[in-house]
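S.K.: Input: one structure, supplied below.
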Amino acid sequence: HKVACVAHPSLLSSCSPVTVAHAAYFSQQPQDQVVVSGQSVTLPCVIVGYRGMVQWTKDGLALGGERDLPGWTRYSLMGDALSGEHSLLIDSAELADDAVYECQATQAALRSHRAKLTVLVPPTDPVVEGGPVVKLKAHTPHNLTCRASGAKPAAEITWYRDGEIQESAVYSKTFMDDGKRELAVSMLPIIPEDKDSGRTYTCRVINPAAPAGRQTSVTVSVQREYSISSTCSNPASGMGHSVV
């Protein structure tokens, strides 16, 4: 209780005890977070001075007011509800969890910050077209092509020839059908020579979800060019000529 004093025309002052209600407020709110798929993550939400229903929304969809969140098997509310703790635990995050979340104290018309959860996904093992042995013709231009799919964000691709980095590759990326993961493609132009037969080309891919990287190697087999000559005799003239 606090004491409030008010002035009155006929009195010097009038004092009486009044009760001051404290409005509910967030002491902890969710913030943007980044998580690698398969990891668990907690979005904090602590509300002081509130005992009503609390619910979370995901991209605007209400997840429900029960703490075990039926229908969302990997989601649950954590902490002591009587202490205002309503943090959202997401177990083994998946790409489907990549969304915007909000904690709401519905009866107090309170809404938390909108928090973006970004789920990172590693790329699949890279695939080099024509591997494991790529057959080429000598002196004929060819693009070694490496693909890495399913990554979020798109994988970075680096080429190596016998362990030496190659800088001339052409890189592109496109979104997959889900609109979140990406397919990355790198084409390395080469003009193979006879001496290149047996060389190893390695395609290495990385992204934030797979910082150690993944790689695939292929061996180049170069078909040599042969020049065939023969000498034919012309009995009539007694002279020969060469045919190539």
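The values are calculated or read from the model by the stated rules, or taken from the named source; none is laboratory data. None of the values given here were measured: they were computed from a predicted structure. Don't worry about glycine lacking a Cβ; one is built from the backbone with ideal geometry, like all the others, and counts go over all protein chains shown. Surface areas here come from the heavy atoms of the whole protein model, side chains and all, with no ligands, DNA or RNA. Shrake-Rupley method; radii C 1.70, N 1.55, O 1.52, S 1.80 Å.
S.K.: Kindly provide the set of residues from segment 160-175 that are part of a strand (DSSP E or B) and either at positive phi or charged (D, E, K, R) (or both), ordered by number. Give the derivation first.
M.R.: Keep residues of segment 160-175 that are part of a strand (DSSP E or B), which gives 160-161, 164-166, 170-175.
Passing the criteria: Arg161, Glu164, Lys173.
S.K.: Sticking with this structure for a sec: Go over the candidates Asp91, Asp59, Asp68 one by one and state the one that is in contact with a Ser or Thr (Cβ under 8 Å, 6 or more places away or on another chain) and either touching a residue at least 24 places away in the same chain (Cβ under 8 Å) or at positive phi (or both). Please lay out each step first, then the result.
M.R.: Working: Asp59 fails: in contact with a Ser or Thr (Cβ under 8 Å, 6 or more places away or on another chain); Asp68 fails: either touching a residue at least 24 places away in the same chain (Cβ under 8 Å) or at positive phi (or both).
Being in contact with a Ser or Thr (Cβ under 8 Å, 6 or more places away or on another chain) and either touching a residue at least 24 places away in the same chain (Cβ under 8 Å) or at positive phi (or both) holds for just one of Asp91, Asp59, Asp68, which is Asp91.
S.K.: If Ala4 meets every condition in (1) part of a strand (DSSP E or B); (2) at pLDDT 95 or above apart from one, which number is that one?
M.R.: That leaves (2) as the condition not met.
S.K.: Which of the residues belonging to segment 98-140 are within 22 Å of Gly64 (Cβ to Cβ), open to solvent by less than 60 Å² (accessible area, probe 1.4 Å) and in contact (Cβ under 8 Å) with a residue 60 or more places away in the chain?
M.R.: Of segment 98-140, the ones within 22 Å of Gly64 (Cβ to Cβ) are 98-117, 119.
So of that shortlist, the ones also open to solvent by less than 60 Å² (accessible area, probe 1.4 Å) come out as 98-106, 108, 110, 112, 115, 117, 119.
Listed by number, the residues that qualify are Asp98, Tyr101, Glu102, Cys103, Ala105, Ala108, Leu110, Ser112, Ala115, Leu117, Val119.
S.K.: When you look at Val20, is it under 11 Å from Leu88 (Cβ atoms), modelled with pLDDT under 95 and more than 24 Å from the chain's Cα centre (by Cα), yes or no?
M.R.: Working: under 11 Å from Leu88 (Cβ atoms): no; modelled with pLDDT under 95: yes; more than 24 Å from the chain's Cα centre (by Cα): yes.
So Val20 fails the test.
S.K.: While we're looking at this one, here's another question. Got a number for residues in segment 42-56 being open to solvent by less than 10 Å² (accessible area, probe 1.4 Å), assigned to a strand (DSSP E or B) and closer than 12 Å to Ala115 by Cβ?
M.R.: Initial filter on segment 42-56 (open to solvent by less than 10 Å² (accessible area, probe 1.4 Å)): 43, 45, 47, 54, 56.
If we keep only those that are assigned to a strand (DSSP E or B) as well, we get 43, 47, 54, 56.
Adding the requirement that they be closer than 12 Å to Ala115 by Cβ leaves 43, 56.
Number of matching residues: 2.
S.K.: When residues of segment 94-124 are filtered for being of a type in the set (A, V, I, L, M, F, W, C), in contact with a Gly (Cβ under 7 Å, 6 or more places away or on another chain) and within 25 Å of Ala155 (Cα to Cα), how many remain? Give the derivation first.
M.R.: Within segment 94-124, the subset of a type in the set (A, V, I, L, M, F, W, C) is 95-96, 99-100, 103, 105, 108-110, 115, 117, 119-121.
Now restrict to residues that are in contact with a Gly (Cβ under 7 Å, 6 or more places away or on another chain): 105, 108, 121.
This time we only want the ones that are within 25 Å of Ala155 (Cα to Cα), so: 121.
Going through segment 94-124 one residue at a time, the tally reaches 1.
S.K.: Taking the options Ala184, Ala154, name whichever one is open to solvent by less than 40 Å² (accessible area, probe 1.4 Å), not in a strand (DSSP E or B) and not β-branched (Val, Ile, Thr). Write out each step before concluding.
M.R.: Details: Ala184 fails: not in a strand (DSSP E or B).
Within the list Ala184, Ala154, the selection yields Ala154.
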